[in-house]
Amino acid sequence: AGEVQAENVLITTNGYTGGFEPWLKRRVVPVPSYQIATEPLGKDAIKARFPNLRMIADTKRLLYYFRPSPDRTRILFGGRAHYLAHDPYAGARMLHKGLTTVFPELADIRLSHGWWGYVAYTMDGVPHIGESQKGVYHAVGCHGSGVVMMSWLGHRLGMRLAGTANSKSIFEDRKLSFFPFYNGQPWFLPIMGKFYQFQDWLDVRAR
């Protein structure tokens, strides 16, 4: 509803950058990440499957990640489902198949929740702190670890602008390359998804 004047602007929109900043638009790809929650299973059932109550991620390229819910009664399970046309119901059905692949004994378990959101990928696979133009700074590209990483990047960027940083971050002022033939619509994600799925299948066959 009005104008705001500032000496510096910080862009920390990560997977939700969109067309807000044209320079970043070609350099940050939003990738949808889906999650589901099972109906309550009980603390004993959770403890039997997560003895140390830790978060788990497998080693596939299209990996699954899962953990006990904070109240230790459900399993929260996430991974890739749909890339362009987003449907939380269809995504939940796909992840339910993944859940029962990891835990076959839960084939009849119902789900209580399903949702999705964007994570952000960069060309070189690491987060970036930098200055795209005079006075316009960014902290983006957390690759699915944004809950922890964005807090740290924001802290480092704030220290830089305040002049209180006593060292340079490893993520700072690296070249943030653009994706060829990409201008904000990640048309290539389904192709890459199939390619990684095939590579994962080959790995399983080799083992």
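The values are calculated or read from the model by the stated rules, or taken from the named source; none is laboratory data. This one's a predicted model, so the numbers in the text were calculated from it and none came from an experiment. Cβ coordinates were reconstructed from backbone atoms using ideal geometry, including for glycine residues, and neighbour counts include every protein chain displayed. Ligands, DNA and RNA are stripped out before the accessible areas are found, and what is left, the full protein with its side chains, is counted by its heavy atoms. Shrake-Rupley method; radii C 1.70, N 1.55, O 1.52, S 1.80 Å.
In terms of solvent-accessible area of protein heavy atoms at a 1.4 angstrom probe, what is the ranking of Trp115, Trp201, highest value first? Don't skip to the answer; put the middle values down first.
Values: Trp115 105, Trp201 135 Å².
Final ranking, largest accessible area leading: Trp201, Trp115.
When the accessible area of segment 1-73 is split by element with a 1.4 Å probe, what percent falls to carbon and sulfur? Carbon-and-sulfur percentage of accessible area, whole number: 53.
Below 8 Å between Cα atoms, with a sequence gap of 6+, how large is the relative contact order for the chain in percent?
Details: 326 pairs, mean separation 57.5, N = 207.
Relative CO of the chain lands at 28 percent.
For Tyr118, the solvent-accessible surface with a 1.4 Å probe is about 70 Å², rounded to the nearest 10. Ignoring the sites themselves, the chain has its longest run without GluC sites (Glu not before Pro) in a DSSP loop having at most 10 other Cβ atoms within 10 Å at 8-207. Other residues lying with their Cβ under 14 Å from the Cβ of Arg49 contribute a combined charge of +4, Lys and Arg counting +1, Asp and Glu -1.
The relative contact order of segment 1-99 comes to 26 percent, based on Cα pairs under 8 Å that sit 6 or more residues apart. Ranking Val126, Val140 from most to least accessible surface, computed with a 1.4 Å probe over the protein chains only, gives Val126, Val140. May I ask you to evaluate 6.51 cos²θ - 1.76 cosθ + 1.60, the Karplus curve with θ = phi - 60°, for each residue of segment 183-192 and list the ³J(HN,Hα) values in order in whole Hz, giving x for glycine and proline? Calculated HN-Hα couplings, in order: 9, x, 9, x, 5, 7, 4, x, 5, 5 Hz.
Within the assembled protein chains, the solvent-accessible surface assigned to Ile56 is about 70 Å², based on a 1.4 Å probe.
Among the listed values (1) 149; (2) 182; (3) 123, the one matching volume of the Cα convex hull per residue in Å³ as calculated from this structure is (2).
Find the accessible area per residue for segment 115-207; the probe is 1.4 Å, ligands and nucleic acids are left out, and the unit is Å².
Working: 5840 Å² over 93 residues.
Per-residue accessible area for segment 115-207 comes out at 63 Å².
Only protein heavy atoms count here; under a 1.4 Å probe, Ser112 has an accessible surface of about 50 Å².
Of Lys25/Lys194; Lys134/Lys175; Lys60/Lys175, which sit over 18 Å apart, Cα to Cα? Before the final figure, lay out each step's value.
Details: Lys25/Lys194 24 Å; Lys134/Lys175 16 Å; Lys60/Lys175 28 Å.
Violating the 18 Å Cα-Cα cut-off are Lys25/Lys194; Lys60/Lys175.
Give the ranking of Ile170, Ile129 by solvent-accessible surface, highest area first, calculated with a 1.4 Å probe.
Ile170, Ile129
Computed log10 I(q)/I(0) for segment 83-126 at 0.19, 0.24, 0.29 Å⁻¹: -0.70, -0.87, -1.03, from the Debye equation with unit scatterers placed on every C-alpha and solvent omitted. If you take all other residues with their beta carbon under 9 Å from the beta carbon of Asp200, and give Lys and Arg +1 and Asp and Glu -1, the sum is +1. In this structure segment 30-108 gives 55 Å² per residue of accessible area when probed at 1.4 Å with all protein chains present.
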